[in-house]
Amino acid sequence: MVINLDDQNAITALDPGGMGKAISAFADQCRKARQIGKAAEIPDNYRDVDNIVVLGMGGSAIGGDLIRSLFEGELTKPFQVNRDYDIPAFVGPQTLVAACSYSGNTEETLSGYAEARRKGAKIIAFCTGGKLKELAEADGYPLVLIPGGLSPRAALGYSFHPIMAVLEKLGFLSPKDREFDEMLTVVEQIQVRMDVAVPETENFAKQLARKVFGKLPVIYGAGGWRTTVAARWKGQFNENAKNIAYWNAFPELNHNETVGWEAPAEVNVLAHVIILRDREEPPRLAKRVEVTRELMSSAVAGFTEIRAEGTSALARMFSLVYVGDFVSYYLSALNGIDPSPVRVIDKLKAELAKLG
């Protein structure tokens, strides 16, 4: 039996880990995260670098991905996110390395940390504790401690805002106080409209979850930072709702994937396409979206377009991120699934741990 999304007790019963509470408290998390980043003590010589590399995986890396895509036109240093055991050959004494692991025990990040240390990079550790904290303290690197108790995917504020604040502190980004304040306002407005107490008839997130229930969510980002937000949506559908999902980006998808919607029809008809859009799309990109919808209209189950809210790019980006968090949460309820556990990932880590 499919759950009634207006039955708060039923939704809460499926969520013993409190994922819904974490999503609803996101604005407060962002406030605390920025304060932590601003208070971080970073040596002055950390300004003297040629490039920046963020080490991370999954929810601990998405903050770096969003920073790169949002600020790549403003950052004064090349910026890269590394999701692997090994790090780029160019990393050295003139590289700022942000080692990010919410648990502090992510094996890929610890491997990258060890290599960055060997190469003499300027390292900052961002974590709640674990092995990364121990290593950073022993090695004398700056340590930015963030609160624990959340799933990494529910700690996006802590994976994004401390790094942004440190980049501002070091002069690699211009001050973002005004943009941050607007972002909080936009996030709080969305929370009021999409929280669990708001009935489905008035709640866009619940309505969209209903549309994609039993379907394959396909999320397209309309260029720029929207592409990274589409990847975030995909990950939230996977981990919160335990639902397979797919993402891609304009204009790249028009050079390959658009053709793939011709067959097989019995699979394509299960897809609901979500397009993440923004008022600052270039006209040619907007036209691509329009024509693509027309070309795909008979192949898929439906389309939903979501427009970013706010004035600053920071606010607009987080508006789209936050809607996706709510949608994935309500889809987990429709799927009858506890959103917090990721048992498949836990099993994989346990098997890898046997290798030593």
Going by C-beta contacts inside 10 Å, put 328, 297 in order with the fewest on the left.
297, 328
The chain: projected area of the alpha-carbon convex hull, averaged over directions, in nm²
18.5
Springs between alpha-carbon pairs under 10 angstrom, Gaussian network model over the chain: which of 55, 270, 331 fluctuates most?
270
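Would you mind ranking 227, 106 by Cβ crowding within 10 Å, fewest neighbours first?
Fewest-to-most ranking of 227, 106: 227, 106.
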Starting at the first residue of region 61-78, write each ³J(HN,Hα) from the Karplus equation 6.51 cos²θ - 1.76 cosθ + 1.60 with θ = phi - 60°, in whole Hz, x for Gly and Pro.
9, 5, x, x, 4, 5, 4, 4, 6, 7, 10, 4, x, 10, 3, 7, 10, x
Mean separation of Cα contacts under 8 Å (6+ apart) over length of region 19-175, as relative contact order %:
32
Karplus (6.51, -1.76, 1.60) ³J(HN,Hα), θ = phi - 60°, over region 337-348, in Hz, Gly and Pro reported as x:
10, 5, x, 6, x, 10, 4, 5, 5, 4, 5, 4
Segment residue 307-residue 86, length gained on full extension (0.36 nm per residue, minus Cα span):
75.8 nm
Considering every pair of different Cα atoms, what Kirkwood radius, in Å, is found for region 19-175?
15.2
Once amide H atoms are placed 1.01 Å from N in the peptide plane, what residues at a sequence separation of 5 or more from residue 51, or on another chain, have their amide H within under 5 Å of its amide H?
96
Output wanted: per-residue J couplings in Hz (rounded whole) for region 166-176, from phi through Karplus 6.51 cos²θ - 1.76 cosθ + 1.60, θ = phi - 60°, x for Gly and Pro.
5, 4, 5, 4, 7, x, 8, 9, 6, x, 10
Which of 222, 22, 60 sits closest to the plus end of the dipole of the chain, meaning its Cα is farthest towards the positive end, when Lys and Arg get +1 and Asp and Glu get -1 on the C-beta?
60
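Taking the Cβ of each residue in 164, 317 as the centre, tally the other Cβ atoms inside 10 Å and list the residues starting with the fewest.
Listed from fewest to most nearby Cβ atoms, that is 164, 317.
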Where in region 234-322 are there GluC sites (Glu not before Pro) that are in a DSSP coil and have at most 16 other Cβ atoms within 10 angstrom of their Cβ?
280
Can you grab the distance from the C-alpha centre of region 1-17 to the C-alpha centre of region 204-273, Å, no decimals?
25
Cα centroid of region 312-339 to Cα centroid of region 88-136, whole Å:
30
Just subtract the alpha-carbon distance of residue 42 and residue 185 from 0.36 nm times their residue separation and send over the number in nm, one decimal.
48.5 nm
Write down the radius of gyration of region 5-91 and its Dmax, each obtained from C-alpha positions, in Å.
18.2, 55
What shape does region 204-260 take by its C-alpha gyration tensor, where a ≥ b ≥ c are the square roots of the eigenvalues and a/c under 1.5 counts as rounded, a/b above b/c as prolate, and the rest as oblate?
prolate
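Throughout, read-outs are computed from the coordinates displayed, never taken from laboratory work. Remember, predicted model here, so these are calculated numbers, not experimental data. All Cβ positions, even for glycine, are placed from backbone atoms using ideal geometry, and neighbour counts span all protein chains on display.
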